[in-house]
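Novice: After the structure tokens below, expect a handful of questions from me.
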């Protein structure tokens, strides 16, 4: 399994990391939730994109076609914010997964994604990948590089298969 920047972090066990993770997610989703509560779904979509990348104005700098898709999907934001909490997966649970798992993370991604990804990297044997200069939207920004990483990862997995 190849995971890009997990935002799922129930396996964090360091209290300072848990606090930083929660604070960063609050910084990201707090304004989004406020916009959703006001019924301003387009604003919420903009805030989510800008917040996910950590770059003010990122939404507006994207190609029009990408913005249109994100605005079309904005109706899903109330459901995203109302979802039930995920089940708790501990570090021991994660380590017990028999399928090889590799984590990919951009070195410029926001704190929450970085903390969750780093914790998973400490638990799982890898190999793991840090992408220089990348953030949470790297797969959208550079799909050729993202697909190349996946192809290389699959080729290695195929070579390792019995």
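Rule-based calculations on the coordinates, nothing more; no lab input. Because the structure is predicted, anything quoted here is derived from the model rather than measured. Don't worry about glycine lacking a Cβ; one is built from the backbone with ideal geometry, like all the others, and counts go over all protein chains shown.
Novice: Using only helices, what value at 222 nm comes out for the chain when you add -39,500 (n - 2.57) per DSSP H run of length 4 or more and divide by the total residues, to the nearest 500 deg cm²/dmol?
Specialist: On the way: 9 runs with 95 residues, N = 162.
Helix contribution divided over all residues of the chain: -17500 deg cm²/dmol.
Novice: Sorted by average packing, counted as other Cβ atoms within 10 angstrom per residue and highest first, what order do 100-113, 63-76, 8-21, 80-93 take? Please report the intermediate quantities before stating the final value.
Specialist: Working: 100-113: 20.3, 63-76: 12.6, 8-21: 15.1, 80-93: 10.4.
Order by mean packing, descending: 100-113, 8-21, 63-76, 80-93.
Novice: Let me ask another. Going by alpha carbons, how many degrees (0 to 90, nearest 10) lie between the helix axis of 143-160 and the longest principal axis of the chain?
Specialist: 20
Novice: Neighbour counts of other C-beta atoms within 10 Å: give me 128, 135 arranged from fewest to most. Show your work: numbers first, answer last.
Specialist: On the way: 128 18, 135 21.
The most exposed by this proxy come first: 128, 135.
Novice: Taking square-rooted eigenvalues a ≥ b ≥ c of the alpha carbon gyration tensor, is the stretch 16-82 rounded, prolate or oblate, where a/c under 1.5 means rounded and, failing that, a/b exceeding b/c means prolate? All intermediate terms of the calculation are to be shown ahead of the outcome.
Specialist: On the way: a/c = 2.40, a/b = 1.41, b/c = 1.70.
The shape class here is oblate.
Novice: Can you classify the stretch 68-162 as rounded, prolate or oblate using the Cα gyration tensor, where a ≥ b ≥ c are the square roots of its eigenvalues, rounded means a/c under 1.5, and otherwise it's prolate if a/b beats b/c and oblate if not? Spell out each step's value before the answer.
Specialist: Values: a/c = 1.79, a/b = 1.22, b/c = 1.46.
Verdict is oblate for the stretch 68-162.
Novice: Please state the Cα pair-distance histogram of the chain with 10 angstrom bins from zero: what percent is in each bin?
Specialist: Spelled out bin by bin, the chain gives 10, 33, 36, 18, 3, 0 percent.
Novice: What ranking do 46, 38 get, fewest neighbouring Cβ atoms within 10 angstrom at the top? Spell out each step's value before the answer.
Specialist: Working: 46 22, 38 10.
In order of increasing Cβ crowding within 10 Å: 38, 46.
Novice: Between the stretch 69-103 and the stretch 135-162, what's the alpha-carbon centroid distance in Å?
Specialist: 20
Novice: Rounded if a/c is under 1.5, else prolate if a/b beats b/c, else oblate: with a ≥ b ≥ c from the C-alpha gyration tensor eigenvalues square-rooted, which is the stretch 90-146? Write down the numbers at each step before the final one.
Specialist: Details: a/c = 2.77, a/b = 1.77, b/c = 1.56.
Note, shape of the stretch 90-146 comes out prolate.
Novice: Still on this structure: Could you work out the relative contact order of the chain? I mean the mean sequence separation of Cα pairs under 8 Å and 6+ apart, divided by the number of residues, in percent.
Specialist: Working: 184 pairs, mean separation 50.0, N = 162.
In percent, rounded to a whole number, it is 31.
Novice: Also, quick follow-up: Could you list 52, 148, 158 in order of exposure, starting from the residue whose Cβ has the fewest other Cβ atoms within 10 Å? Let's see the in-between values first.
Specialist: Details: 52 22, 148 11, 158 8.
By the 10 Å Cβ count, ascending, the order reads 158, 148, 52.
Novice: To continue, here is another question. Helix 41-53 versus the longest principal axis of the chain: what is the Cα-based angle in degrees, 0 to 90, to the nearest 10?
Specialist: So the helix axis and the longest Cα principal axis differ by about 40 degrees.
Novice: Using only the alpha-carbon atoms, how far is helix 111-123 inclined from the longest principal axis of the chain? Give it as 0 to 90 degrees, nearest 10.
Specialist: The angle comes out near 20 degrees.
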